[in-house]
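The values are calculated or read from the model by the stated rules, or taken from the named source; none is laboratory data. Computed from a predicted structure; not experimentally measured. FYI the Cβ positions are ideal-geometry reconstructions off the backbone, even for glycines, and counts take in every protein chain you see. Quick note on the areas: whole protein, heavy atoms, side chains included, nothing else; ligands and nucleic acids left out. Shrake-Rupley method; radii C 1.70, N 1.55, O 1.52, S 1.80 Å.
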Amino acid sequence: MKKKIVSIIMALSFICPGGMYPPAEIRADETATEVTAEIGQDDGQKAEFTLQINVDGDYVITGYEGNAEYLEIPSEYNGRKIAGLGQEVITFNKELKEITLAEGNQFMANSCISECDNLETINLPSTMPEYGFGLGYGPVMYCSSLTKINVAENNKELKSVDGILFSKDMKTIMCYPAGIPDTSYIIPEGIENI
């Protein structure tokens with residue numbers, strides 16, 4: 001009986017880990033028409049994004065092509081809101097050093113940024129809710145140079161301390177960047193979830 005209960009709990013944790021919203025609520029509608037948009041960046045570089053319309057009528061970025069070192073994820077395209085990043089949007093990128101999500105972006109799906117060896121910094125907007133970062137198994141994976149996740153000061157649900165991402169109430173460590181060179185870390189008092 002005990003083994004069965006443990007198995008059920010483990011199965012539930014894969015469906016909705018950490019009590020977060022299930023990714024199905026924010027994933028792009030696979031039946032939607034894709035749009036490819038070339039969007040200029042502040043440094044003069046071009047970024048090509050693949051966009052899909054989600055169930056709310058907003059765009060979700062489902063792909064990225066480009067060689068920018070500093071990438072801004074836009075908050076709208078042709079007057080339509082861009083809600084966030086879908087799964088596996090920015091992968092195996094060697095050029096990126098910094099990614100900034102514009103005000104209005106609200107989520108980063110599972111492994112939306114992965115294996116970007118030179119990525120050092122991610123900047124999150126005030127519009128990024130706690131459940132929008134850390135969905136499932138984590139939006140940022142295998143980025144060995146990542147040392148900072150910054151959060152807009154007026155974000156009501158997330159907070160950054162020394163580049164480490166916390167819930168605003170400082171009860172949850174949301175993400176400890178893989179590139180922080182420290183060999184140990186003292187968990188702050190009051191942390192209840194990691």
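So that you can scan it fast, the table gives a plain yes or no per residue for (1) touching a Ser or Thr at 6+ places or on another chain (Cβ under 8 Å); (2) touching a residue at least 24 places away in the same chain (Cβ under 8 Å); (3) open to solvent by 40 Å² or more (accessible area, probe 1.4 Å); (4) under 25 Å from D162 (Cα atoms):
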position	(1), (2), (3), (4)
F49	yes, yes, no, no
I53	yes, yes, yes, no
Y59	no, yes, no, no
Y70	yes, yes, yes, yes
P129	no, yes, no, yes
Y142	yes, yes, yes, yes
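State whether the residues of the range 143-156 include one that is farther than 21 Å from T91 by Cβ, charged (D, E, K, R) and out of contact with any Cys (no Cβ under 7 Å at 6 or more places or on another chain). Checked against the condition, which is being farther than 21 Å from T91 by Cβ, charged (D, E, K, R) and out of contact with any Cys (no Cβ under 7 Å at 6 or more places or on another chain), the range 143-156 yields at least one hit.
Residue by residue, here is whether (1) assigned to a strand (DSSP E or B); (2) on the phi > 0 side of the Ramachandran plot; (3) among the polar types (S, T, N, Q); (4) open to solvent by 30 Å² or more (accessible area, probe 1.4 Å) holds:
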residue: K156; (1), (2), (3), (4): no, no, no, yes
residue: S160; (1), (2), (3), (4): yes, no, yes, yes
residue: G179; (1), (2), (3), (4): no, no, no, no
residue: I187; (1), (2), (3), (4): no, no, no, yes
residue: G190; (1), (2), (3), (4): no, yes, no, yes
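Among the residues of the range 70-91, those identified as part of a loop (DSSP other than H, G, I, E, B) and not β-branched (V, I, T) are P74, S75, N78, G79, G86, Q87, E88.
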